[in-house]
Amino acid sequence: MNRFAKLETVPSPALLFDVDAIRRNFELMLHIVGGDASKLRPHVKTHKCAEILKIQHGLGLRQVKAATIAEAEISAQSGMTDVLISYPLVGPNVSRFFQLIDTYPETHFSCLVDCEETLDAFVRIGLEPVDLFVDLDCGMHRTGIGPGPEVVSLVRAIVANPALRFAGLHAYDGHIHDTSLEARTEQFGAAMAIVEETLAAIESEVGPVPLLVAGGSPTFGLHAARALSDSRPRHCSPGTTVLWDGGYGPNYTDLPFEAAAFLLTRVISHPGEGRICVDLGHKAVAAENPIARRVAFPAIPDAEFLSQSEEHLVLGVADPLAWPVGTELIGIPKHVCPTVALHQEARLIRDGAISGEAWKIGARDRRISI
């Protein structure tokens, strides 16, 4: 039996947001940082939704991370007063960043740099200095400058330029996702050793580091413990914790968040013996993982994932007659962030039932007005 009432009113495939669960997840995030909203900077990239930002705003959380100019803009429009674009900006995106600063003066914007070659692009003579965080590679090897003298040199170059302001250090440990808390803690310690060594080098050779923004979702609790015990200003920056997903699910016992985003699909065909087909193709659920790790159906835990195309997903089941054509199924996406970005809107669940409302996934577009 599906857990939500009034599903028959929603066309499929559809993204569903459980508003009550979203609020509880935010409350748990706050609880993990000791109720101190100043230590929490959730990432917008998970939901890209103004209404979720307004829930966050109502709980006193006014600072976020964003990955795109559109996410930063929707954050400013939703009352966020501090937006860090945690992504290297190059080309026309630098001028768009300046447009954000000029268009939304009540919001403080900053971004990342990881090499001296990009600094000149952020110089605006005669205007307020631009705040730049140095992006440190603490083990993921995606973006960021590696530990060593080049980090100090980059910070020194920012400090020496009156048109720029050193805002702090950013470190994302997205390579750490072991389900075992012991294994995560060990890898976290190695990543943080890089961070602490770099902080010490900057502070001894250049000057104070105003802020450390660090961590993702699997290491959120570990970063929160550091933030609560350290006198240095720190922001924890999880993203997936807002909606959670089947990839993390119950695997992280130290992070008891609950799924707040679901996919509604329906059986559309019985294509041969032992098979059903549902209307959940890879235009409705993120498909970067192997087929069996894209979505989970709690009602059919032993379903075999046979094939998927743009609008179809074929499942092997023991008894297809138990799933007549038209049957509604609820799926939990394995990777919620790119799944949300596939949908124009999310239908809302309140008190366990479809409410008839919908929230736009506004920042799935690369451009809102800037």
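Where a number appears in this text, it was derived from the coordinates with a stated rule and is not lab data. Nothing here was measured: the structure is a model prediction, and the numbers come from that model. All Cβ positions, even for glycine, are placed from backbone atoms using ideal geometry, and neighbour counts span all protein chains on display.
Want the number for Glu304 to Arg165: 0.36 nm per residue separation, take away the alpha-carbon distance, what's left? Could the numbers behind the result be given before it?
Working: separation 139, 0.36 × 139 = 50.04 nm, distance 5.43 nm.
Computed gain between Glu304 and Arg165 is 44.6 nm.
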Tell me which of Ala227, Ile194, Gly35 sits at the most positive position along the dipole axis of the range 19-243, charges placed on C-beta atoms (Lys, Arg +1; Asp, Glu -1). Gly35
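Sort 37-45, 298-306, 213-221 by packing, meaning the average of other beta carbons within 10 Å per residue, with the highest value first.
Those peptides, ordered most packed to least, come out 213-221, 37-45, 298-306.
Report the local net charge at Asp365: Lys and Arg +1, Asp and Glu -1, summed over other residues whose C-beta lies under 13 Å from its C-beta. If you can, show how the numbers build up before the last one.
Details: positive: Lys48, Lys360, Arg364, Arg366, Arg367; negative: Glu71, Glu73, Glu345.
Net of charged neighbours comes to +2.
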In the chain, what is the count of Lys pairs whose alpha carbons are under 25 Å apart, counting only pairs at least 8 residues apart or on separate chains? 22
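Please compute the contact order of the range 162-275 in relative form: average sequence separation of alpha-carbon pairs under 8 Å and at least six residues apart, divided by the residue count, as a percent.
Details: 122 pairs, mean separation 27.5, N = 114.
Over the range 162-275, the number comes to 24 percent.
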Rounded, prolate or oblate: which fits the range 290-354, taking a ≥ b ≥ c as square roots of the Cα gyration tensor eigenvalues, rounded meaning a/c under 1.5, else prolate when a/b beats b/c? oblate
I'd like to compare 169-180, 118-129, 353-364: which one has the highest average count of other Cβ atoms within 10 Å, and what's the full order after that? 169-180, 353-364, 118-129
Of the candidates Val83, Cys236, Val155, the farthest towards the positive dipole end of the chain (Lys/Arg Cβ +1, Asp/Glu Cβ -1, centred on the Cα centre) is Val83
What does the charge count near Ser86 come to, summing +1 for each Lys or Arg and -1 for each Asp or Glu among other residues with Cβ under 11 Å from its Cβ? +1
Can you tell which of Thr339, Thr81, Thr103 shows the greatest fluctuation in a Gaussian network model of the chain with Cα springs below 10 Å? Thr103
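How would you order 314-320, 59-65 from highest to lowest mean count of nearby Cβ atoms within 10 Å?
On the way: 314-320: 16.1, 59-65: 20.6.
Taking the mean over residues of other Cβ atoms within 10 Å, the ranking is 59-65, 314-320.
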Out of Ile368, Ala214, Leu136 - ranked by how far each Cα lies towards the positive end of the dipole of the chain, with unit charges on the beta-carbon of charged residues - the top one is Ile368
Mind giving me the nanometre distance, one decimal, between the label points for Cys115 and Glu311, set 7 Å out from Cα along Cα→Cβ? 4.4 nm
Amide H of Asn161: which non-local residues (sequence gap of 5 or more, or other chain) have their own amide H closer than 5 Å, using H built in the peptide plane? none
Rank these for me by crowding, Met80, Met192, Met140, going from fewest to most other beta carbons within 10 Å. Met140, Met192, Met80
